[in-house]
């Protein structure tokens with residue numbers, strides 16, 4: 001039934017799976033703390049990290065524990081969910097650093113994380129499901145966001161599309177009062193880690209899906225409810 005949406009037959013059975021959390025923490029390494037003097041409030045906000053994302057990621061352990069890669073350094077130092085040439089790779093706090101220092105930050109925090117995930121995917125049985133777990137602020141630029149759970153993917157990739165139709169069907173059944181959206185509050189083809197990895201792995205081998213949860217649920221039992229529903233849906237997704 002799901003494959004009818006795309007007129008293809010893609011088995012909804014992954015040989016392996018991986019969970020990543022690019023914005024797990026807002027840590028500032030000691031040598032860069034001077035950059036963030038007076039910025040404690042900003043670091044604690046959604047600009048510094050994704051509140052609740054790592055807790056959600058750690059609870060996504062259906063049937064057996066899935067490998068979890070996490071980046072705990074604040075995105076305001078370097079943004080591991082952006083491509084190496086993206087203008088927002090460094091924030092207003094770090095973009096004025098000398099090129100030599102920026103390169104050191106890349107070598108110490110950016111490449112080890114990204115290369116570690118890519119290497120794991122490369123060596124894992126295929127097809128592999130990659131869930132990149134994020135949370136988003138309920139209001140941005142004075143605009144309230146109606147999405148509760150967002151499933152971000154590339155609609156041109158069959159495996160990702162079929163998987164997201166399946167996940168939305170299961171989540172809608174388990175969470176009938178929640179708004180489950182495709183490619184909200186961001187587009188699944190915007191620059192991000194999964195977008196980059198799609199250039200490295202073909203459609204039939206890799207499905208990169210970003211899970212976006214509204215931060216209004218981050219510190220409540222609702223987050224546990226959402227992760228339980230996701231875990232149950234994932235139970236049937238991989239061998």
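The values are calculated or read from the model by the stated rules, or taken from the named source; none is laboratory data. The shown structure was predicted, so the numbers you read here are calculated from the model rather than taken from an experiment. We place every Cβ from the backbone using ideal geometry, glycine too, and count neighbours over all the protein chains shown.
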Restricted to region 1-22 and to residues being more than 24 Å from the chain's Cα centre (by Cα) and in a helix (DSSP H, G or I), the residue modelled with the highest pLDDT is 5
Can you name every residue in region 200-239 that is without any contact (Cβ under 8 Å) to a residue 60 or more places away in the chain and closer than 30 Å to residue 140 by Cα?
220, 221, 222, 225, 229
Can you tell me which of 113, 178, 166 is assigned to a helix (DSSP H, G or I) and farther than 22 Å from residue 203 by Cα?
113
If the Cβ limit is 6 Å and pairs must be 6+ apart or interchain, which residue in region 154-166 that is closer than 18 Å to residue 230 by Cβ pairs with which residue that is assigned to a helix (DSSP H, G or I) and at pLDDT below 95?
162/2; 162/3; 165/2; 165/5; 166/2
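Every residue in region 116-135 that is within 16 Å of residue 72 (Cβ to Cβ) and assigned to a helix (DSSP H, G or I), please.
Of everything in region 116-135, those that are within 16 Å of residue 72 (Cβ to Cβ) and assigned to a helix (DSSP H, G or I) turn out to be 116, 117.
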Residue match in region 88-95 (condition: under 13 Å from residue 208 (Cα atoms) and touching a helix residue (DSSP H, G or I) at 6+ places or on another chain (Cβ under 7 Å)):
no
What are the residues in region 71-105 that are crowded, with 18+ Cβ neighbours inside 10 Å and not in a loop (DSSP other than H, G, I, E, B), if any?
73, 105
Every listed condition ((1) in a loop (DSSP other than H, G, I, E, B); (2) at pLDDT below 95) holds for residue 25 save (2)
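Yes/no per residue for (1) in contact with a helix residue (DSSP H, G or I) (Cβ under 9 Å, 6 or more places away or on another chain); (2) at positive phi; (3) in contact (Cβ under 8 Å) with a residue 12 or more places away in the chain:
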position: 34; (1), (2), (3): no, no, no
position: 38; (1), (2), (3): no, yes, no
position: 41; (1), (2), (3): no, no, no
position: 72; (1), (2), (3): yes, no, yes
Selection from region 116-137 of residues that are surrounded by fewer than 23 Cβ atoms within 10 Å (Cβ to Cβ) and under 15 Å from residue 50 (Cα atoms):
136, 137
Would you check if residue 150 is under 16 Å from residue 130 (Cα atoms), in contact (Cβ under 8 Å) with a residue 60 or more places away in the chain, outside any helix (DSSP H, G or I) and in contact with a strand residue (DSSP E or B) (Cβ under 9 Å, 6 or more places away or on another chain)?
yes
Of everything in region 44-57, what is buried (at least 17 other Cβ atoms within 10 Å of the Cβ) and outside any loop (DSSP other than H, G, I, E, B)? Give them in sequence order.
53, 54, 55, 56, 57
In region 181-198, anything part of a loop (DSSP other than H, G, I, E, B), in contact with a strand residue (DSSP E or B) (Cβ under 9 Å, 6 or more places away or on another chain) and surrounded by fewer than 20 Cβ atoms within 10 Å (Cβ to Cβ) is listed as 183, 184, 185, 186, 187, 189, 190
Got a number for residues in region 219-239 being surrounded by fewer than 18 Cβ atoms within 10 Å (Cβ to Cβ) and in a loop (DSSP other than H, G, I, E, B)?
5
